[in-house]
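Q: This is the structure, below, for whatever I ask next.
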Amino acid sequence: MSLILIVDDEPGVLQTFGDWLESDGYEVASAGSAEEAMAWFRQTNRFPDAALLDIKLPGANGFELADWLSKDFDFDNVIFLTAFFWEEETRQELVARRRPYFEKPLKFTHEVLPFLRRYLSENQG
Amino acid sequence: MNRQTFLDGWAFSLLVTLLAAMVLAGSYLWLRVDLKNEALSEHRRLVDNQLNLWQEQLYDAKWDSVADTSDDVRHLGSYDEARLMADTLVWYVYPDGHSIIEGTAVIGLDGRARPSKQAAVINDAGEPLDPELLAHLKKEKPWLEDPWLGSYQFVIKAFQDDPERESFISPFIQAPGRLVFVIAAPWRDEAGALKGAVIQQQAIGQLFNDVIKPGTHGVSLWLMDAKGTLGVATDQTARESAKIFLASGALPQAMAKGLKAAQEGKFGAGGSLVQGLGLETAHLYWRTMGDSFIVAVVENTAGLGAQGQRTLNRFGAIALISLVLLAAAGGAYTLLYLRRENRMLEKAALRRYTGTVSHRVRNSLSVIRGVNEMFQHKLPGDQGPLSAGLVNAETAIEDIEDTVRELERLSQGQVDLVYDGQVGKASMYRLHPDKKQGGQG
């Protein structure tokens, strides 16, 4: 069973996203901030198959968290979530990083779940 | 509106007005000094020119008389005295009665005019004056037919004292009703013995009226001889000035300078000094006619630079009006600036707020859409009104998403807010219609 980590400071989003992923057969872990996510990585022996990182977070943002994970744990399977794709600075950073991203509000049935299934299948394959 | 912006705006307007006021005040003060000095210099130049002119005219009047008397003396050597008197030594009185020369006469060693009654009051055609005109003139000048002094012994004595002397000019002499002075040339025989003299007698008042008065233009002026006898003083200021000048001992010094200047072939000496007249300070400008007379113009400083003061007052009025207009314009501009600044601040605040709203709404929509999709996905088959409601909710979510995107375009400046001012109400904005369609989502 694939393990997916969700990092978002909005409890409603964590809850809804978690429910959807679990209903689709994934194992879900969640964190409300970058620091919390880093602590989870240090305490857990198992890496997730994918980490969904919200960009705007209290404290360090999602981009910084991705950099830490890559540097400290050599983990790069991150997918960004953002409500700020309309913001020029955020959009340019997302394009430069060449990582998958979902724009909020999330469309679970038509975008998020189909993509995740394909993404995990390709990475595991 | 931000209180600081309000204060800054008005402070700037006030500062600009104050700076302009300082510039205008500085200009006013500078011009005040400059104009006064310029007017004073110009005035002094005019006074100097006028005094030089008078000095020259007095010089000419003196030497014309000296030349006339010398010519008459030469004629005495070749003419019979009686014939000479008839031909030349006549007393012309022109119909207007204006003549500097009161009379020309031959005087003997006894100092008496000979023949004192022989001179006739005639016109320039050599004919006796009309009795009515003569009577009219005699009302003002009772001495008209007999202007002579009792004795001219002082003339004879002057020539006897100095056998080399070729001319004589007397100080002012009080004659009935007027001051006169006498110019004379000696009449000597071939051996050099003095036989008498030819004199011309002139009235100071007439000299002043004919030569000096046309150029006075109301200034205070006095005329004095070398002995300090005041011949003319146009007003009380002139009388006071002459009195102070005499008391100060400046007269002998001026005459000494005049004598030296005459010896150098000049008309006379000149100078200026400051006098205290009562509470005021006066400027005195003087010229001598050789070492015979001194003519002076006196002016108090309050009167000087009057033209400059008038010009300055006009400038001051114009500057004041300009300043008021500038302050009014600055005030109007500041009001407009603050209103515009106020709107800009409102716009900026709205833009920032739209970004925050967008973030919050997108997160909330994620939850609502997630739940909505979960219902639609998990409900088996058609659930009637519930299924229709979920579809409507989906449509509403999409409408909200469109609104959020519009806010985001606004936040990014891709569309603009247009201010629609409404009288009596707070500001109201709408999206600029031209840009609304052009934004990038």
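Q: Quick one: which residues, 5+ away or cross-chain, put their amide H under 5 Å from the amide H of B:GLY231? H built at 1.01 Å from N.
A: So B:GLY231 has HN proximity to B:LEU223, B:MET224, B:ASP225.
Q: What are the semi-axes of the equivalent ellipsoid of the range B:198-267, taken as the square roots of 5 times the eigenvalues of the Cα gyration tensor, listed largest first and rounded to whole Å?
A: 21, 19, 12
Q: What number do you get for the range B:201-327 when its Cα radius of gyration is normalised by 2.2 N^0.38 Å, N = residues?
A: 1.40
Q: Another question about this same structure. Treat every Asp and Glu Cβ in the range B:320-374 as -1 and every Lys and Arg Cβ as +1, leave all other atoms uncharged, and give the resulting dipole magnitude about the Cα centre to the nearest 20 debye.
A: With only Lys, Arg, Asp and Glu charged at Cβ, the dipole is about 140 debye.
Q: Give me the inter-chain shielding for A:105-112: mean count of other chain Cβ atoms within 10 Å, whole number please.
A: That average works out to 6.
Q: Over all residues in B:352-365, what is the mean tally of Cβ atoms on other chains that come within 10 Å of each residue's Cβ?
A: Other-chain Cβ atoms within 10 Å of each residue's Cβ, averaged: 4.
Q: Using the basic label-point model (7 angstrom from Cα toward the beta carbon), what is the A:GLN124 to A:ASN45 distance in nanometres?
A: Calculated label separation equals 2.1 nm.
Q: Where the centroid of each part is defined by its Cα atoms, how far is the range A:34-100 from the range A:1-17 in Å?
A: 13
Q: Here is a further query. Collect residues whose amide H, placed 1.01 Å from N in the peptide plane, falls under 5 Å from the amide H of A:ALA31; neighbours closer than 5 in sequence don't count.
A: A:ILE6, A:VAL7, A:ASP8
Q: Would you mind getting me the FRET efficiency between B:TYR353 and B:ARG405? Use the beta-carbon distance for r and R0 = 22 Å, nearest 0.05.
A: It comes to 0.85.
Q: Now, a different point. For n ≥ 4 DSSP H runs only, could you compute -39500 (n - 2.57) per run for the protein assembly as shown, divide by its residues and tell me the 222 nm figure to the nearest 500?
A: Calculated mean residue ellipticity at 222 nm is -18000 deg cm²/dmol.
Q: Take A:HIS110 and B:ARG339, extend 7 Å from each Cα along the Cα→Cβ direction, and tell me the distance between the two endpoints in nm.
A: 4.8
Q: Provide the net charge surrounding B:ASN37, with neighbours chosen by a C-beta distance below 15 Å and charges set as Lys +1, Arg +1, Asp -1, Glu -1.
A: +1
Q: Evaluate E = 1/(1 + (r/R0)^6) for B:LEU320 and B:LYS227, where r is the Cβ-Cβ distance and R0 equals 51 Å; express this FRET efficiency to the nearest 0.05. Mind dumping the intermediate values first?
A: Details: r = 56 Å, r/R0 = 1.10.
My answer for the efficiency is 0.35.
Q: Moving on to the next point. Out of B:PHE208, B:TYR152, B:SER220, whose Cα points farthest toward the positive end of the dipole of the range B:146-255 (charges: +1 Lys, Arg; -1 Asp, Glu; placed on Cβ)?
A: B:SER220
Q: A further question follows. Starting from 0.36 nm per residue, how many nanometres of slack lie between B:GLU190 and B:ASP60 once their C-alpha separation is accounted for?
A: Here the segment from B:GLU190 to B:ASP60 would lengthen by 43.9 nm.
Q: In addition: Please compute the net charge surrounding B:MET224, taking Lys and Arg as +1 and Asp and Glu as -1 over other residues with Cβ under 12 Å from its Cβ.
A: My count for the surroundings of B:MET224 gives +3.
Q: Once the Cβ-Cβ distance between B:LEU246 and B:LEU53 is put in as r, and R0 is 35 Å, what FRET efficiency do you end up with, to the nearest 0.05?
A: The formula returns an efficiency of 0.90 here.
Q: Moving on to the next point. Along the charge dipole of the protein assembly as shown, pointing to its positive end and built from +1/-1 on Cβ of Lys, Arg, Asp and Glu, which listed residue (A:ALA37, A:ALA83, B:GLY271) has its Cα farthest out?
A: B:GLY271
Q: For chain A, take every pair of Cα atoms, bin their distances at 10 Å starting from 0, and report each bin as a whole percent.
A: With a bin width of 10 Å, the distribution comes to 13, 49, 35, 3.
Q: Which of the pairs B:LYS138/B:LYS227; B:LYS138/B:LYS195; B:LYS227/B:LYS257; A:LYS107/B:LYS378; B:LYS157/B:LYS227 have their Cα atoms more than 23 Å apart in this structure? If you can, show how the numbers build up before the last one.
A: Working: B:LYS138/B:LYS227 31 Å; B:LYS138/B:LYS195 33 Å; B:LYS227/B:LYS257 15 Å; A:LYS107/B:LYS378 15 Å; B:LYS157/B:LYS227 18 Å.
From B:LYS138/B:LYS227; B:LYS138/B:LYS195; B:LYS227/B:LYS257; A:LYS107/B:LYS378; B:LYS157/B:LYS227, over 23 Å: B:LYS138/B:LYS227; B:LYS138/B:LYS195.
Q: Can you work out the Karplus-derived ³J(HN,Hα) for every residue in the range A:43-60? Use 6.51 cos²θ - 1.76 cosθ + 1.60 with θ = phi - 60°, whole Hz, and x for glycine or proline.
A: 8, 10, 6, 9, 7, x, 7, 7, 10, 9, 10, 6, 7, 8, 10, x, x, 5
Q: Consider all pairwise Cα distances in the range A:5-79 and report the whole-number % of them above 15 Å. If you can, show how the numbers build up before the last one.
A: Working: 1378 of 2775 pairs.
Of all Cα-Cα distances in the range A:5-79, 50 percent exceed 15 Å.
Q: Please say if the protein assembly as shown is rounded, prolate or oblate, where rounded means a/c under 1.5 for a ≥ b ≥ c the square roots of the C-alpha gyration tensor eigenvalues, and otherwise the choice is prolate for a/b larger than b/c and oblate otherwise?
A: prolate
Q: Counting Lys and Arg as +1 and Asp and Glu as -1, each charge on the Cβ, what is the dipole of the range B:21-68 about the Cα centre in debye, to the nearest 20? Don't jump to the answer; show the numbers that get you there.
A: Details: 5 positive and 8 negative charges, 86 e Å.
Computed about the Cα centre, the dipole is about 420 debye.
Q: Next question, about the same structure. Under the rule of at least 5 residues apart or a separate chain, name every residue whose amide H is placed under 5 Å from the amide H of B:ALA269.
A: B:GLY258, B:THR288, B:GLY290
Q: Hey, how much of the P(r) for the range B:311-411 falls beyond 23 Å, as a percent of Cα pairs?
A: It works out to 60 percent of all Cα pairs.
Q: Which value does Rg/Rh take for the range A:39-112 over its C-alpha atoms, Rh per Kirkwood?
A: 0.97
Q: Quick one: what are the phi-derived ³J(HN,Hα) couplings along the range B:314-327, Karplus 6.51/-1.76/1.60 with θ = phi - 60°, whole Hz, x for glycine and proline?
A: Values per residue, Gly and Pro as x: 5, 4, x, 5, 5, 4, 5, 4, 4, 5, 4, 4, 4, 5 Hz.
Q: When the dipole is taken about the Cα centre of the range A:36-125, and only Lys, Arg (+1) and Asp, Glu (-1) are charged at their Cβ, what size is it in debye, to the nearest 20? Could you put the intermediate results ahead of the total?
A: On the way: 12 positive and 15 negative charges, 63 e Å.
Charge dipole of the range A:36-125: 300 debye, to the nearest 20.
Q: For the range B:250-379, what is the Kirkwood hydrodynamic radius in Å, using each pair of distinct C-alpha atoms?
A: Result for the range B:250-379, one decimal place: 23.9 Å.
Q: What average count of beta carbons from other chains do you get within 10 Å of the Cβ of residues in B:368-375?
A: Working: counts 3, 7, 14, 6, 2, 9, 6, 0.
That average works out to 6.
Q: Which whole-Hz ³J(HN,Hα) couplings does the range B:228-239 yield from phi under the Karplus relation 6.51 cos²θ - 1.76 cosθ + 1.60, θ = phi - 60°, glycine and proline marked x?
A: Karplus values, whole Hz, x for Gly and Pro: x, 7, 7, x, 9, 9, 6, 7, 5, 4, 5, 4.
Bear in mind these aren't lab numbers, they're just calculated from the coordinates by the rules spelled out. These numbers were taken from a predicted model, which means no experiment stands behind them. Glycine also receives a Cβ, built like all others from the backbone with ideal geometry; neighbour counts cover every protein chain displayed.
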